[in-house]
Amino acid sequence: MADLSTTCCIAGGGPAGMMLGFLLARAGVDVVVLEKHADFLRDFRGDTIHPSTMQLMQELGLLGDFLKLPHHREQHAVARFGATEIPIADFSHLPVAAPFIAFMPQWDFLDFLADQGRKLPRFRLLMRSEATGLVREGSKVTGVTAETAEGALSIRAALVVAADGRRSELRAAGGFAVKEIGAPMDVLWFRLSRRPGDVAQTFGQIGSGQFAIMLNRGDYWQCAYIIPKGALERLKGEGLEAFKVGLGSLLPAVADRLDELASFDDLKLLSVAVDRLDRWWQPGLLCIGDAAHAMSPIGGVGVNLAIQDAVAAANLLARPLREKQLTDAGLAAVQTRRMFPTKATQMLQVAIQNRAITPILSGRGPAEPPVLLRLLKHLPALQRVPARVIGMGFRPEHIGPELAARP
């Protein structure tokens with residue numbers, strides 16, 4: 001087994017891990033990021049970049065280059081009940097450099113962060129390298145074991161960060177207790193072509209017993225079809241044609257291209273989970289992002305919440321790591337900083353699940369927009385409230401003085 005030593009080893013090259021690795025290296029901390037895949041090219045991941053994240057890019061002096069990447073901008077979120085369109089959120093009034101949602105393939109976002117990191121002498125990204133276990137000295141985590149393309153690897157580190165997702169190997173190895181909050185739905189992701197004459201706007205479509213979200217990705221629609229938890233096998237039993245008939249009734253504008261779905265293999269299942277850790281850390285080990293709290297896809301906030309975790313961790317831990325003075329109190333401070341927005345976001349998501357998603361999927365939901373949503377249409381200023389919650393979150397982080405100076 002080969003050996004490697006660093007100051008901080010981050011398991012997972014997703015948004016949380018890549019952002020934390022880049023920020024720590026920028027602040028003068030030696031970092032190794034482990035990503036188990038050979039590249040970032042995986043479809044149907046969280047592809048919404050919110051104003052809070054782009055504001056961080058602005059504070060880092062990177063927003064101009066970032067927005068050169070291919071993306072689609074939305075300043076408004078809308079929901080459709082049949083043919084009735086209701087505006088939900090107006091992001092254009094947010095006091096930020098980029099007051100809109102950017103729909104961008106996550107692989108482009110991660111490649112951008114990786115490219116920025118590679119410019120720094122203290123940043124090291126190991127692709128095809130998966131963290132498999134923890135190294136301990138007594139009760140303290142002092143490193144990780146990993147499987148790489150070249151064989152087994154042991155990495156010693158003053159801090160190990162589990163940013164390896166909701167099925168985190170390191171979270172499991174650490175024996176963390178997970179609080180299951182639950183979700184009543186799963187999501188089927190699939191693609192349909194976009195054609196001349198299609199609307200440009202991203203939207204949610206609500207019908208009797210059905211709910212879908214259509215994301216404009218330029219030459220195709222990235223579609224999310226919400227189903228009751230565990231219902232995929234029932235849908236398969238009813239057959240693909242029955243599924244397409246129901247989908248066509250919900251989305252008649254794209255019914256003429258449903259033959260593009262040749263089999264259920266064209267539908268990718270996201271099993272939705274909402275959970276969180278009561279404690280995010282142990283001596284020498286910290287969990288962030290989905291490893292600390294799996295979020296519902298409601299609002300598309302999971303990626304951005306993970307990035308906020310990374311910024312908070314970098315702000316609080318960069319100097320102690322650089323000066324070799326990391327303490328348990330420093331790790332606890334990260335959780336203290338990020339627990340409120342996590343709980344508040346999950347509480348809101350659960351309320352929407354229980355009061356909106358479950359009734360819609362059971363066929364008990366409203367065929368027409370409820371009164372509260374109609375108010376958003378007639379009182380446009382109210383649309384700024386959901387825009388603030390979705391676009392910025394409950395405690396948006398900022399680039400602190402340790403991270404602001406250019407390396």
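The values are calculated or read from the model by the stated rules, or taken from the named source; none is laboratory data. Keep in mind that this is a model prediction, so the values were computed, not measured. Cβ placement follows ideal geometry from the backbone for every residue including glycine, while neighbour counts extend to all protein chains displayed.
For the range 72-104, which positions are part of a helix (DSSP H, G or I) and either of a type outside the set (S, T, N, Q) or closer than 30 Å to residue 34 by Cα (or both)?
91, 93
Mind listing whichever residues of the range 105-141 are part of a loop (DSSP other than H, G, I, E, B) and more than 23 Å from the chain's Cα centre (by Cα)?
119, 120, 121, 122, 138, 139 - these are the residues of the range 105-141 that are part of a loop (DSSP other than H, G, I, E, B) and more than 23 Å from the chain's Cα centre (by Cα).
Answer yes or no: is there a residue in the range 155-168 that is assigned to a strand (DSSP E or B) and at pLDDT below 95.
no
Among all residue pairs at least 6 apart or on different chains, which show Cβ distances below 7 Å where the first residue, located in the range 281-300, is within 21 Å of residue 187 (Cα to Cα) and the second is in a helix (DSSP H, G or I) and acidic (Asp, Glu)?
Final answer for the pair search is 289/309.
Of everything in the range 53-75, what is among the charged types (D, E, K, R) and over 20 Å from residue 400 (Cα atoms)? Give them in sequence order.
65, 68, 73, 74
Report, ordered by the first and then the second residue, all pairs with beta carbons closer than 6 Å, sequence separation of six or more or different chains, a first member in the range 346-365 that is farther than 19 Å from residue 301 by Cα, and a second member that is in a helix (DSSP H, G or I).
Between residues of the range 346-365 that are farther than 19 Å from residue 301 by Cα and residues that are in a helix (DSSP H, G or I), the close pairs are 365/359.
How many residues does the range 259-293 contain that are part of a helix (DSSP H, G or I) and out of contact with any Phe, Trp or Tyr (no Cβ under 9 Å at 6 or more places or on another chain)?
Total meeting the criteria: 4.
So, in the range 310-341, exactly how many residues are under 20 Å from residue 142 (Cα atoms), touching a strand residue (DSSP E or B) at 6+ places or on another chain (Cβ under 9 Å) and of a type in the set (Lys, Arg)?
2
Would you check if residue 128 is in contact with a Lys or Arg (Cβ under 9 Å, 6 or more places away or on another chain), crowded, with 20+ Cβ neighbours inside 10 Å and of a type in the set (Lys, Arg)?
For residue 128, the condition - in contact with a Lys or Arg (Cβ under 9 Å, 6 or more places away or on another chain), crowded, with 20+ Cβ neighbours inside 10 Å and of a type in the set (Lys, Arg) - is not met.
Say whether the condition of being crowded, with 22+ Cβ neighbours inside 10 Å and of a type in the set (A, V, I, L, M, F, W, C) is met by at least one residue in the range 173-180.
The answer is no, given that none of the residues of the range 173-180 is crowded, with 22+ Cβ neighbours inside 10 Å and of a type in the set (A, V, I, L, M, F, W, C).
Restricting attention to the range 220-258, and to residues there that are hydroxyl-bearing (Ser, Thr, Tyr) and part of a strand (DSSP E or B), which single residue is modelled with the lowest pLDDT?
Among them, the one singled out is 220.
Among the residues of the range 111-147, write down those that are under 27 Å from residue 294 (Cβ atoms) and β-branched (Val, Ile, Thr).
132, 135, 141, 144, 145
Out of curiosity, is residue 331 touching a residue at least 40 places away in the same chain (Cβ under 8 Å), surrounded by 16 or more Cβ atoms within 10 Å (Cβ to Cβ), of a type in the set (A, V, I, L, M, F, W, C) and not assigned by TED's automatic domain parsing to the domain that holds residue 207?
Judged against the criteria, residue 331 is a match.
I'd like the residue in the range 1-32 that is in contact with a Ser or Thr (Cβ under 8 Å, 6 or more places away or on another chain) and β-branched (Val, Ile, Thr) and, out of all such residues, is surrounded by the fewest Cβ atoms within 10 Å (Cβ to Cβ).
Applying the filter and picking the extreme gives 32.
Inside the range 294-407, counting only helices (runs of 4 or more DSSP H) that do not spill past its ends, which hold 1 or more residues that are farther than 16 Å from residue 78 by Cα?
302-322, 328-352, 358-361, 384-392, 401-404
Pick from the range 200-254 the residues that are touching a Gly at 6+ places or on another chain (Cβ under 6 Å) and crowded, with 18+ Cβ neighbours inside 10 Å: which of them is nearest to residue 48 (Cα to Cα)?
Out of the qualifying residues, it is 213.
To keep it simple, each residue is scored yes or no on (1) over 29 Å from residue 189 (Cα atoms); (2) in contact with a helix residue (DSSP H, G or I) (Cβ under 9 Å, 6 or more places away or on another chain); (3) not in a strand (DSSP E or B).
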{"residue": "3", "(1), (2), (3)": "yes, no, no"}
{"residue": "8", "(1), (2), (3)": "yes, yes, no"}
{"residue": "16", "(1), (2), (3)": "no, yes, yes"}
{"residue": "19", "(1), (2), (3)": "no, yes, yes"}
{"residue": "23", "(1), (2), (3)": "yes, yes, yes"}
{"residue": "28", "(1), (2), (3)": "yes, yes, yes"}
{"residue": "37", "(1), (2), (3)": "no, no, yes"}
{"residue": "57", "(1), (2), (3)": "no, yes, yes"}
{"residue": "65", "(1), (2), (3)": "yes, yes, yes"}
